[in-house]
Amino acid sequence: MQLFPCPFCGPRDETEFHYGGDAGNARPDGADVPIDRWAGYLYLRGNPKGSAHEIWVHMTCGEFFVMERDTVTHKVLSSAALGGEHAA
Amino acid sequence: MTASRLTTGGSAIDRSRPIRFNFDGTTVQGFAGDTIASALLANDVAVVGRSFKYHRPRGIWGAGVEEPNALVDVGGPQATPNTRATTEPARDGLVAKSVNATPNALADRNAFLDRFSRFIPAAFYYKTFMWPDWHMFEPRIRAMAGLGKVDTDWTSPGTADQINHHCDVLVVGAGPAGLAAARMAAGAGLSVTLVDDQRNPGGSLGHRAGEIDGKPAAVWIEETVAELAAGGHLILPSTTAFGIYDHNLVGLNQRHLDRRRDTLWRVRPRQIVLATGAIERPLPFANNDLPGILSADAALAYLRRHAVLVGRRIVVATNNDSAYEVASALAEAGADVTLVDIRRDGTPDTPAKVRLVKGRALAAANGKLRVGGVTLDDGTRLDADCVLVSGGCTPTIHLFGQAKGKLTWSEARAAFLPGDPVDGISVAGAAAGAVSLSEVFAGSEKAVASLGQTKAAVPRSTGPEATGGMAAAWPLPGSKGRIWIDYQNDVTVKDIELAARENFVSVEHLKRYTTLGMATDQGKTSNLPGLALMAGITGRTVPEVGTTTYRPPFTPVPLASFAGARVGELMAPVRRLPLENVHRSSGAVFQEYGGWLRPAHYGGRDADAERAIQDEALRARKSVALFDGSTLGKIEVIGPKAAEFVDFLYYNTMSTLKPGRCRYGFMLSENGVVFDDGVLVRLDEHRFVVSCSSSHVTAVHARLEEWRQDRFGRDAVYIHNATSEMATLTVSGPNARKLLEAVGLGLSLDDAALPHMTVGHGSYAGNEVRVTRVSFTGDRSYEISIRADRAEPLWAQLRQAGQAFEAVLIGLEALMILRAEKGFIVIGKDTDGTTLPHDLGSEGPRTKRQTEYVGRRSLFTEEASRNNRMQLVGLTVPQGEAPLPTGAHGIKRENGKLHSQGFVTSSYQSPTLGRPIALGLIERGATRHGETIEIQHLGKVRKAMIAAPCAFDPAGDRLNA
Ligand SMILES: [Zn+2]
């Protein structure tokens, strides 16, 4: 069982977290977004081997954050609160 | 008598505390400190079970977790099937039964199977019972094969505790290596947890000779343990470290000698020291599975720990030095001992009173139900009532392997040893290939060296040192006779040869084809000989063949340990209403709805339930109904961007809502599908209440948080889920207003002051109340929200004032009828994972909204614009007919075939209309009102008329009546 670092609470058991999707999957706004682009936003995922940037939520405090981890070794490389690039 | 209890000795047993237990219907006597196995041996019980496939008689092989044969089903409060007799403490009054034997191990009625063994090799069942259908044969085959039985009548006497634990260093194994490492780590000022699966610490020092720091081993063990305990370190005996998981989480299962369930420990250490020892391997010779053939090391353990002499005329067969101490000790204890060593040269001195035969191996064991002698490879026959074998030691590297540690092959040790270190894990002692105590202690020092300077000295071995002197003796292809590799799964040399002929040469294929290394012992004694044989057959080296993947658990762990307290009602706890007890005293019948325990109806159990529900719904329309709607979502959205935020989250434009007003709307998923519906209340300019459906509160809250943090920023919007802070009591019906006026809520209920879809504020008994005029019944309704802990007097007052109006308490079932009469939907019941808002008749925002909202783009795809989408409709059947079955399909006939064109989503008998009503999703349904459609369910076809969803008061007059 992995230990994930919540930017607010510190290291906690993975059972307290939910996966929230790929980080950097920016939402294209508008009713006329090209359909391929919209389908990509909805369904296309990188599924990288190795380093992956992912959104996770710490269920017990409600914090969404970006975590970089290695999908092969399960090593956690970094974690940071949301904001900046994702905020409007 | 051959095996027997000696009159003195036995470090583990307490002769002042005799015990009696039952094995296969006979009474066995022993002492406190015995295992079931040691007591059985002391009573000379040789046959303790039957093998998995051939029903061969099987005796005790080992003295610990590696035991492949001696499995028993233990009954009583701590019932455990398939437990190892070698680790199970013998308790007074315990009842144990041999496995896979009918009626008992000695006289098994399926023993005839062994005579047909050459017809049932590996994979026999796969190949033979394929035609016509494996499932025809499976029940009888399963009844004859397999191991222990679960007692299905048994109920747990309690739940297992689960403990989360942190320490600097976790030492697994309290043998010499573990004790030394623990002591040195403690001396470096670190917190240490020491676990061992035996009842007493010491590991091999409990039965092997040793002198440490000039003291007998037993004294050194006692002093070391006392020192650790005095230092506040945690020592857990009878505890197995069964798994290492991601980020070095270690799972421990602790057994208790009293009647408590096991305890599961989740340990997060900074450093793990694996001092898990090694397991002795068998030697290959014909009939090497006969009862009376034991591991030599186990025989020494039984002698020194339990004062059990395993035989009178003993042959000890070995390929290494470790058996010499065994032979010597048994001879000293009075047995007649012949030591057969495959090595010609380089053997240790012949022990006193022992006959030594050099350069010879066993060819076969002789005997039927138990061993009666052996034949050497030169044809010499020796009588024996017990045969001990030592095929060398296999380091216990399972945990290291689980942690993805790489193994390296040691030709000198004829074993896999831990290779490159894994972060946070070190290995010491016999697990790392050490043989002598000096090597062991040097390994312990190295294992903790990186943890800092220690004040504890490295222990010194001051007595005679163990030597290895290993000469490999692997099973060879083409060997004569039936040579067992895996005792537990009845895998012989011939089965592995067969697997190789059929090209199952990869270890993972070999395992699955022959079952080598499966089941409760996971091949602790058999894996390496099996791999070595496959290497020999295919002309590869052992490391080229490789090992199968190491996976937890190391030994079986009761599921009760993993379940812990999460059983019964706690498995998935229901959410409860603040007024639950009040409803109970009103005769409410409770059911779980979307995680909430709610009144389904009041009174009328079983057969009378339907009548009670119909009565509630009818009376609700006549005068006034009281309903507990506390589960309704009450999620507050607050802040300068709150209006912009709810606009984005809802399909409907919400920012145009005036303070004090409410609006019904949909939330969509990004794929356009309707996710939730509900009412949004605008309390003031910057404050809204999202009144989502009861079962979606958690999901809606999570969704709001995600968009808030990801798109709007933490300072722009604040979200607070107040759902369980407040109770919501609903008053609905033509007399709802009169009833509330009689109660008095401190606000004007005049329709001009508080029209439909508005919110007002009042007070009751000094507590603020929020009164929302929204309606899920179609009748004039008021939802009154009040602090949950102050709701009870208000509910009582509503009921008392209600008497004058013949008010009725209604449960969720009646509410479902009332809302269906109105065509009001329940998301997830009247919609599915494809339903878009315009399928439900809500076209406006899709065609008119210019601002962005969740799911918007998905409403303009080819799929969303298809002209034959399923749309929400009402379905009418003639008066006097039964309601349509929910889930029944609307069908069309094309070229003689039936095709589905949608289905019934909700269906009830309407007491008010006196006929059945139904809602459904039907292809192009919105344009087909008045059309008759065939509805099919389980082969029966009925007719229904497509209608508007609303079957009652379509003009909505009753909202203000
Ligand atoms: Zn947190």
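Beta carbons within 10 angstrom, averaged per residue: use that to sort the peptides B:435-445, B:472-482, highest first. Spell out each step's value before the answer.
Numbers: B:435-445: 22.3, B:472-482: 16.8.
Going from most to least packed, we get B:435-445, B:472-482.
Mind ranking B:Y602, A:Y19 by accessible surface for me, highest first, 1.4 Å probe? Provide the component values of the computation, followed by the final result.
Numbers: B:Y602 30, A:Y19 115 Å².
So the residues, ranked largest to smallest area, are A:Y19, B:Y602.
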Region B:6-156: radius of gyration and largest Cα-Cα distance (Dmax), Å: 17.6, 63
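Please state the shape class of region B:809-897: rounded when a/c is under 1.5, otherwise prolate if a/b exceeds b/c and oblate if not, all from the C-alpha gyration tensor. Don't jump to the answer; show the numbers that get you there.
Details: a/c = 2.73, a/b = 1.32, b/c = 2.07.
Judged from the Cα gyration tensor, region B:809-897 comes out oblate (a/c at least 1.5, b/c at or above a/b).
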Given backbone amide H placed at 1.01 Å from N, residues whose amide H is under 5 Å from that of B:C167, ignoring those fewer than 5 places away on the same chain, are B:R268, B:R270
Cα radius of gyration and Dmax for region B:710-757 (Å): 17.2, 48
Each label point is 7 Å from the Cα along the Cα-to-Cβ direction; what then is the distance between the points at B:N868 and B:I163, in nm? 6.6 nm
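If you take the C-alpha gyration tensor of region B:201-339, multiply each eigenvalue by 5 and take the square root, what semi-axes do you get, largest first, in whole Å?
Values: eigenvalues 224, 84, 45 Å².
In descending order, the three semi-axes are 33, 20, 15 Å.
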Residue-level accessible surface for B:K406, protein heavy atoms, 1.4 Å, Å²: 140 Å²
By the gyration tensor of its Cα atoms, with a ≥ b ≥ c the square roots of the eigenvalues, what is the shape of chain B: rounded for a/c under 1.5, prolate for a/b over b/c, or oblate? prolate
Give the shape of the protein assembly as shown as rounded, prolate or oblate, defined through the alpha-carbon gyration tensor: a ≥ b ≥ c are the square roots of its eigenvalues, a/c under 1.5 means rounded, and otherwise the shape is prolate if a/b is larger than b/c and oblate if not. prolate
Debye-sum result for region B:532-661 in log10 I(q)/I(0), which assumes one identical scatterer on each alpha carbon, at q = 0.09, 0.14, 0.16 Å⁻¹: -0.63, -0.94, -1.03
Using alpha carbon centers only, region B:366-409 is separated from region B:168-235 by a whole-angstrom value of 29 Å
What trypsin sites (Lys or Arg not before Pro) does region B:416-463 have in DSSP loop regions with at most 14 other beta carbons within 10 Å? B:K455, B:R460
Distance in Å, no decimals, from the C-alpha centre of region B:562-592 to the one of region B:295-313 is 56 Å
Taking beta carbons within 10 Å but only from partner chains, what does the mean come to for residues B:707-718? 4
Averaged over its residues, how many other protein chain Cβ atoms are within 10 Å of peptide B:673-680's Cβ atoms? 0
Run the 1.4 Å probe and let me know the accessible area of B:T927, rounded to the nearest 10 Å². 110 Å²
Inter-site label distance for A:K75 and A:I35 at 7 Å from Cα along Cβ, in nm: 4.5 nm
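Could you rank B:D377, B:D495, B:D789, B:D213 by how accessible they are, 1.4 Å probe, largest area first?
On the way: B:D377 85, B:D495 5, B:D789 105, B:D213 55 Å².
Order by accessible area, largest first: B:D789, B:D377, B:D213, B:D495.
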Sorting B:E332, B:E88, B:E497 by accessible area (1.4 Å probe), largest first, what list results? B:E332, B:E497, B:E88
How big is the equivalent ellipsoid of region B:465-562 along its three axes, where each semi-axis is √(5λ) from the Cα gyration tensor, reported in whole Å from largest to smallest? 24, 19, 13
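With the full set of protein chains in place, find how many percent of the accessible area of the protein assembly as shown is carbon and sulfur; take the probe as 1.4 Å. If you can, show how the numbers build up before the last one.
Numbers: 23630 of 44440 Å².
Ligands and nucleic acids excluded, carbon and sulfur reach 53 percent.
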Report the accessible area of B:K829, computed with a 1.4 Å probe over the heavy atoms of all protein chains in place, in Å² rounded to the nearest 10. 80 Å²
In Å³ and rounded to a whole number, note down the convex hull volume per residue for the Cα atoms of region B:673-781. 134 Å³
FRET efficiency, A:E16 to B:A560 (Cβ-Cβ, R0 22 Å, nearest 0.05): 0.40
Whole Å is fine, so just give me how far the alpha carbon centre of region B:329-345 lies from that of region B:241-293. 30 Å
Which percentage, to the nearest 5, of the DSSP beta bridges contained in chain B is antiparallel? 75 percent
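Hey, got the average number of other protein chain Cβ atoms within 10 angstrom for residues in B:238-249?
Details: counts 0, 0, 0, 0, 0, 0, 0, 4, 7, 10, 2, 5.
The per-residue average across the peptide is 2.
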Could you quote the convex hull projected area for region B:214-293, Cα atoms only and averaged over all directions, in nm²? 10.2 nm²
Cys with no candidate disulfide partner in the protein assembly as shown (beta-carbon separation under 4.7 Å rule): A:C61, B:C167, B:C386, B:C393, B:C662, B:C692, B:C950
Straight-line reach only, C-alpha to C-alpha below 16 angstrom: list the lysines that B:K480 could link to, leaving out same-chain residues fewer than 8 apart. B:K494
Given A:K49/B:K406; B:K97/B:K524; A:K49/B:K446; B:K829/B:K943; B:K149/B:K404; B:K822/B:K892, the pairs whose alpha carbons are separated by over 32 Å: A:K49/B:K446; B:K149/B:K404
On average over all directions, what projected area in square nanometres does region B:396-460 have, based on the convex hull of its Cα atoms? 4.7 nm²
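Compute the Rg to Rh ratio over region B:285-331 from the alpha carbon atoms, using the Kirkwood formula for Rh, and round to two decimal places. Walk me through the numbers on the way to the answer.
On the way: Rg = 10.6 Å, Rh = 11.2 Å.
Across region B:285-331, the Cα-based Rg/Rh ratio is 0.94.
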Once the Cβ-Cβ distance between B:S438 and B:R344 is put in as r, and R0 is 35 Å, what FRET efficiency do you end up with, to the nearest 0.05? 0.80
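The values are calculated or read from the model by the stated rules, or taken from the named source; none is laboratory data. The structure displayed is predicted, hence computed values, not measured ones. Using ideal geometry, Cβ is built from the backbone for each residue, glycine included, and neighbour counts are taken over all protein chains shown. Heavy atoms of the whole protein, side chains included, go into the accessibility calculation; ligands, DNA and RNA do not. Shrake-Rupley method; radii C 1.70, N 1.55, O 1.52, S 1.80 Å.
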